[in-house]
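Asks: Here's a structure for you.
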Amino acid sequence: MSFKVRSSKFRHVYGTALKREYCYDNIRVSKSSWDSTFCAVNPKFVACIVESAGGGAFIVLPLSKTGRLPADQPVVGGHKGPVLDISWCPHNDNVIASGSEDCVVKVWQIPDGGISRTLTESVVDLIYHQRRVGLVLWHPTARNILLSAGSDNQVVIWNVGVGEPLIHIDCHPDIVFSASWNFDGSKLLTTCKDKKLRLINPRSGEIEQEVICHEGSKASRGIFLKGGLIFTTGFSKLSERQYSLRSPEKLDDPIVMVELDTSNGVMFPLYDPDTSMIYLCGKGDSVIRYFEITAEHPFVHYINTFQTPDPQRGIGMMPKRGCDVSICEISKFYRLNNSGLCQAISMTVPRKSELFQEDLYPDTIGDIPAIDAEDWFNGQDAEPILISLKDYHQPTRLPTASEMKVAKKPNILDKPSANKTVKSSPNNTTASPVAKPSFNQPQQSIPDDIVKEFKEEIRKLKAMIVKHENRIRALEARATEDTTDTAKDSGDSLVLKNNDQNDVETQDNDTEHVDTNEDDD
C-alpha cells in the first residue's frame with residue numbers, strides 16, 4: 001500500500017523556548033477572569049496586563065531588557081479599574097491602546113527604551129461606553145482607526161487623531177467576544193455571546209450575514225484569513241473544543257468542522273498571513289498547536305504541537321517584522337505563565353543555508369498606513385503596504401521614535417518620519433501618497449516646547465537631588481553626634497568604675513594597716 005506525503009516547506013516547523021535569562025520573570029500576572037490574551041508584543045516592546053491595587057495597570061518592557069523584574073517596576077497605570085485588553089498600533093511601535101473596567105479606552109505614547117517611572121498621563125481618553133471595555137483592535141491599513149467593544153453590547157470605531165467616535169454599531173444583543181478586520185479593512189467579523197457569527201459592513205453598521213458560529217455557550221472567536229476565508233474556534237454542545245473553516249459566501253455551511261479535545265480554556269487563533277499558518281493557544285493549556293491552511297483537502301492540515309510544562313495565562317504574537325530571518329524564524333510568541341514568567345518561544349524552519357530564504361519570507365505587512373482615517377470613512381479601501389525583510393534588520397532600517405499628538409480638528413495620530421511628507425491646506429486635509437520608506441535621510445529637529453519640557457524636568461530632578469543630599473548630610477551629622485555621645489557616656493562610666501575600685505582598694509589597705517598595728521600592741 002502506497003500513500004502520498006503532502007509536500008510543504010512548513011511540515012518540519014519546530015518550537016524552541018528561550019533560556020530563562022532571555023525571558024521576563026517576576027511579573028504580577030492579572031487575576032481577571034476576562035478572556036483576553038493579556039499580552040501584546042511588537043518589534044520594540046512587550047506589554048503584559050498586571051495586577052494592580054487601586055486601579056488597573058500594565059507593564060511595558062523593551063525586548064532587550066530581559067531578566068527578573070524589580071518589585072518596583074514602573075507601570076502604565078492611569079485606569080481606575082482593571083485593564084482587560086491591550087493592543088499595539090500596527091503603524092507606530094510606540095503607541096498602545098488599552099481598555100478597562102472603568103469604561104474608558106486610553107491611548108498611550110511609550111518612549112524609546114521604555115518607561116522609567118509610572119506613566120499615568122495618556123495621550124487621549126476615548127469615552128463613550130457605559131460598561132467595561134473588553135476589546136480594543138486597530139485597523140490594519142487606515143491610520144488612527146481604532147475599534148472598541150464593551151459589555152454594553154456596543155461597538156465603536158474611533159478616529160483617535162481627533163479623539164472622536166466615527167461609527168457606532170448597535171447590532172449585538174449580548175457581549176461581543178471577538179472582532180476581526182479582513183485583509184484590507186473593508187469588512188468586520190464579530191462573535192457574540194448569543195453564539196452567532198456576524199459579517200458586518202463597518203462603515204454603515206449593517207449586518208451582511210448572521211449565522212450560528214458554535215453551539216456551545218462558552219466564548220468563541222473568529223478571524224479573517226488573507227484569502228477571505230474565516231477561521232473560528234469555539235465549543236460544541238458537549239463542551240468539546242472545536243475549530244472551523246468557512247467561506248463568506250456560505251457562512252452557515254462550514255468547509256471544515258473539527259473537534260479537538262474537552263478542555264475548558266478558550267482557544268485564541270493567531271494567524272500568520274505570510275505562511276498561511278494558524279496557531280491555536282488555549283487559555284490554561286501547556287501546548288501550542290499549529291496548522292497550515294491550504295486549498296487541498298482537508299484544507300486545515302495539522303503540523304505539530306509545541307509542549308511546555310507550565311500552563312499559559314496569556315500569549316502575544318510578534319509581527320513578522322520582529323522575527324529573526326537569520327535563523328529562519330517564521331513566528332515568535334511570548335507566553336505569560338501563572339508563575340509570573342513571560343517566556344519567549346521561537347518557531348523555526350530548519351534550513352542549512354544561512355542566506356536569506358525568500359520562499360519563507362515573502363513581502364510582509366509593514367508599519368506604514370495605506371490610507372488616512374478620513375479616506376477610509378469616505379469609502380476608500382486599500383491593501384496593506386508590504387515591505388521586504390531582506391535588509392530590514394540592519395541598524396539603519398529602524399525608524400526613530402516620534403511624538404504622538406492629538407488635536408481637535410483636523411489632525412491625526414501621525415508618526416513623522418523622514419520618508420513621508422504630508423501636505424495640508426485649510427480645504428484639504430488628505431495626506432499625499434506615501435513613498436517607500438527611506439531611513440538614510442536626516443532626522444527631524446526636536447520642537448522647542450519638547451526641549452523646554454525636558455529642561456524643566458531636569459531642573460526639578462536636580463532640585464530633588466540637592467534636597468535629598470542635604471537630608472542625607474543632616475542624617476549623617478546626627479548619626480555622628482549620637483555615636484560621640486554614646487562613646488563619651490561609655491568613657492565616663494569606665495572612669496567612675498575605676499574610681500570606685502580604687503576607693504575599695506584604699507579602704508582595704510587602711511583596714512590591713514590598722515589590724516597590723518593592733519597586733520604589734
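Asks: Give the residues of the stretch 94-111 that are open to solvent by 10 Å² or more (accessible area, probe 1.4 Å), within 15 Å of the chain's Cα centre (by Cα) and in contact (Cβ under 8 Å) with a residue 40 or more places away in the chain, sorted by residue number.
Replies: Of the stretch 94-111, the ones open to solvent by 10 Å² or more (accessible area, probe 1.4 Å) are 101-104, 106, 109, 111.
Within this subset, residues satisfying the condition of being within 15 Å of the chain's Cα centre (by Cα) are 106, 109, 111.
Matches in the stretch 94-111: Q109, P111.
Asks: Filter the stretch 13-45 down to residues that are within 21 Å of G284 (Cβ to Cβ) and aliphatic (A, V, I, L, M) and give me whichever is modelled with the lowest pLDDT.
Replies: Here is the first cut: in the stretch 13-45, the ones within 21 Å of G284 (Cβ to Cβ) are 15, 17, 23-25, 27-41.
Within this subset, residues satisfying the condition of being aliphatic (A, V, I, L, M) are 17, 27, 29, 40-41.
Values: A17: 95, I27: 95, V29: 92, A40: 97, V41: 97.
It comes out as V29.
Asks: A further question follows. Considering only residues that are part of a strand (DSSP E or B), open to solvent by less than 10 Å² (accessible area, probe 1.4 Å) and touching a Lys or Arg at 6+ places or on another chain (Cβ under 9 Å), which ones fall in the stretch 298-343?
Replies: Passing the criteria: Q312, G314, I315, G316, I330, S331, R335, L336, N337, C342.
Asks: Just the residues that are of a type in the set (V, I, T), in a loop (DSSP other than H, G, I, E, B), surrounded by fewer than 20 Cβ atoms within 10 Å (Cβ to Cβ) and at pLDDT 90 or above, please, taken from the stretch 367-409.
Replies: Residues of the stretch 367-409 that are of a type in the set (V, I, T), as a first pass: 368, 371, 385, 387, 396, 400, 406.
Going one step further and asking which of them are in a loop (DSSP other than H, G, I, E, B), we end up with 368, 385, 400, 406.
With the extra rule that they be surrounded by fewer than 20 Cβ atoms within 10 Å (Cβ to Cβ), the set shrinks to 385, 400, 406.
Passing the criteria: only I385.
Asks: What are the pairs with Cβ atoms under 7 angstrom where one residue, in the stretch 215-232, is under 17 Å from S186 (Cα atoms) and the other, located anywhere, is assigned to a loop (DSSP other than H, G, I, E, B) and open to solvent by less than 20 Å² (accessible area, probe 1.4 Å)? Sequence gap at least six, or different chains.
Replies: If the second residue must be assigned to a loop (DSSP other than H, G, I, E, B) and open to solvent by less than 20 Å² (accessible area, probe 1.4 Å), the pairs left are G222/C213.
Asks: Within the stretch 138-159, track down each residue that is open to solvent by 10 Å² or more (accessible area, probe 1.4 Å), free of Cβ contacts under 8 Å to residues at least 40 places away in the same chain and assigned to a strand (DSSP E or B).
Replies: none
Asks: If you don't mind, there's one more thing I want to ask. Give the stretch 160-194 a look and list any residue that's under 24 Å from R246 (Cβ atoms), part of a strand (DSSP E or B) and either open to solvent by 10 Å² or more (accessible area, probe 1.4 Å) or among the acidic types (D, E) (or both), or say none. First the steps, then the outcome.
Replies: First pass over the stretch 160-194, keeping only residues under 24 Å from R246 (Cβ atoms): 169, 171-194.
From what's left, part of a strand (DSSP E or B): 169, 176-181, 188-192.
Answer for the stretch 160-194, where residues must be under 24 Å from R246 (Cβ atoms), part of a strand (DSSP E or B) and either open to solvent by 10 Å² or more (accessible area, probe 1.4 Å) or among the acidic types (D, E) (or both): F177, A179, S180, W181.
Asks: Scan the stretch 286-297 and report the pairs whose first residue is open to solvent by less than 40 Å² (accessible area, probe 1.4 Å) and whose second residue is in a loop (DSSP other than H, G, I, E, B) and among the charged types (D, E, K, R), with Cβ atoms within less than 8 Å and a gap of 6+ or a chain change.
Replies: So the pair list comes out as S286/D310.
Asks: With the stretch 16-71 as the region, which strands (runs of 3 or more DSSP E) entirely inside it contain at least 2 residues that are farther than 21 Å from V266 by Cα? Walk me through how you get there before you give the answer.
Replies: Values: elements: 39-41, 45-50, 56-62.
Qualifying strands (runs of 3 or more DSSP E): 45-50, 56-62.
Asks: Report, by residue number, each residue of the stretch 257-279 that is within 22 Å of I212 (Cβ to Cβ), open to solvent by less than 20 Å² (accessible area, probe 1.4 Å), in contact with a Ser or Thr (Cβ under 7 Å, 6 or more places away or on another chain) and not aromatic (F, W, Y).
Replies: Within the stretch 257-279, M267, P269 meet the criteria.
Asks: Now, a different point. Every residue in the stretch 71-93 that is over 16 Å from G56 (Cα atoms) and crowded, with 22+ Cβ neighbours inside 10 Å, please. Can you show your working first?
Replies: Initially, the stretch 71-93 is screened for residues over 16 Å from G56 (Cα atoms), giving 71, 88-93.
Across the stretch 71-93, the qualifying residues are W88, C89, H91, N92, D93.
Asks: Across the stretch 106-126, which residue is modelled with the highest pLDDT among those that are of a type in the set (V, I, T) and closer than 17 Å to P43 by Cα?
Replies: Filtering the stretch 106-126 down to residues of a type in the set (V, I, T) leaves 107, 110, 115, 118, 120, 123-124.
So of that shortlist, the ones also closer than 17 Å to P43 by Cα come out as 110, 115.
On the way: I110: 96, I115: 93.
Here the answer is I110.
The values are calculated or read from the model by the stated rules, or taken from the named source; none is laboratory data. Model, not experiment: these values are computed from the prediction. Cβ sites come from the backbone with ideal geometry, for glycine too, and all protein chains shown count toward neighbours. Surface accessibility is based on the protein's heavy atoms, side chains included, excluding ligands, DNA and RNA. Shrake-Rupley method; radii C 1.70, N 1.55, O 1.52, S 1.80 Å.
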